[in-house]
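For reference, the structure discussed in these notes is given below.
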Amino acid sequence: MTFHPLIVVHGGAWKIPEEEHTPHGEGCRRAALAGWEVLRAGRSAVDAVEAAVRALEDDPTFDAGRGSCLNAAGEVELDAIIMDGRTLSLGAVAAVRRVRNPVTLARRVMEKGPHNFLVGSGAEEFARYHGMPLISPEELIVARERARWEAWRAGNGLYTENLFAPSGTVGAVALDREGHLAAATSTGGKPNKWPGRVGDSPLVGCGAYADDRSAAASATGDGEALMRILATGTVCAQVARGHSPQEAAEEMLRLLAERTGGYGGLIVLDPRGRFGIAHTTPHMAWAYVLGDGTLRAGIRVPNCPEGILCGRGATTGGGLVSR
Ligand code: ASP
């Protein structure tokens, strides 16, 4: 049996300023297409989510890879996870400062073993050992984030206590033509975070989860809250119990608010190709490409499923895969 492959990506859930809507929507659109090209070529869901998340990490618009927010010490520390729904294999890294694409390092961890999760200098040494170039930490910092950090340090109290602080964590879920699922999430975390702080993003079952027998999911939002309810593991279990991905995502965010007071966004995809996108923030950047080649990208707003559509994109020109 051949499945209709599809990919869904997100670029964070927060109060995205209007002037940043287009870059966020366009960035998601490009990333979804990058992942889609991989699926269309017959490659795996793991390859596709890695390709999509790399595109988002390389785009300085987002809080992942270059362009990430700075911690309280004025440094970028990156977290990422990737998970293969076929085998439940996973790789994760946290607090890395010298790797351009942490999702690729997470994949190396997954595939080269013997561990699942590496942090800090040990993770960087693993990258070097497995042939990934190490960069100067400064290369991850962009002027926009340096200015935000300086404003915060100058005592303007910018963003630290603000709900929906600037974010832009990225993630992707994909279904390949063999019917396998994968998920990946990558982030620079919260602005002005304590050095060494790790949020939900690289934690399995919190920032991402994938199981061919249930669903694949990627989360964004208030990491301290999301990790307390095992957001993505629980949402996948809800799909296994019979809820649609959209219902399960909405229910999980209701639970997040009720039990923790937290907020966030989720993308969820099941093995039948049904998917859900939900958020409890003012905006969420998203994109998807469906099996028939339909492409959509935009900035979602509450109570409006598609929100503001971005880019040229209605379709890539259908009929790309047959059963
Ligand atoms: N969940 C991320 C973290 O807490 C941030 C975000 O997604 O906005 O590190």
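For the range 230-242, the count of residues that are within 17 Å of Lys190 (Cβ to Cβ) and assigned to a strand (DSSP E or B) is zero. Would the range 22-34 turn up any residue that is under 30 Å from Gly155 (Cβ atoms), of a type outside the set (D, E, K, R) and either surrounded by fewer than 20 Cβ atoms within 10 Å (Cβ to Cβ) or without any contact (Cβ under 8 Å) to a residue 40 or more places away in the chain (or both)? Yes, the range 22-34 contains at least one residue that is under 30 Å from Gly155 (Cβ atoms), of a type outside the set (D, E, K, R) and either surrounded by fewer than 20 Cβ atoms within 10 Å (Cβ to Cβ) or without any contact (Cβ under 8 Å) to a residue 40 or more places away in the chain (or both). For first residues located in the range 203-224 and more than 10 Å from the ligand (Cβ to nearest atom), partners that are hydrophobic (A, V, I, L, M, F, W, C) and in a loop (DSSP other than H, G, I, E, B) and lie 6+ apart or on another chain with Cβ distances below 6 Å form the pairs Gly205/Leu230. Among residues of the range 199-223 being aliphatic (A, V, I, L, M) and assigned to a loop (DSSP other than H, G, I, E, B), the one that is farthest from Leu256 (Cα to Cα) is Ala215.
Computed from the coordinates by the stated procedures, all read-outs in this text should not be read as laboratory data. From a predicted model like this one, the values you see are computed outputs, not experimental measurements. Glycine also receives a Cβ, built like all others from the backbone with ideal geometry; neighbour counts cover every protein chain displayed.
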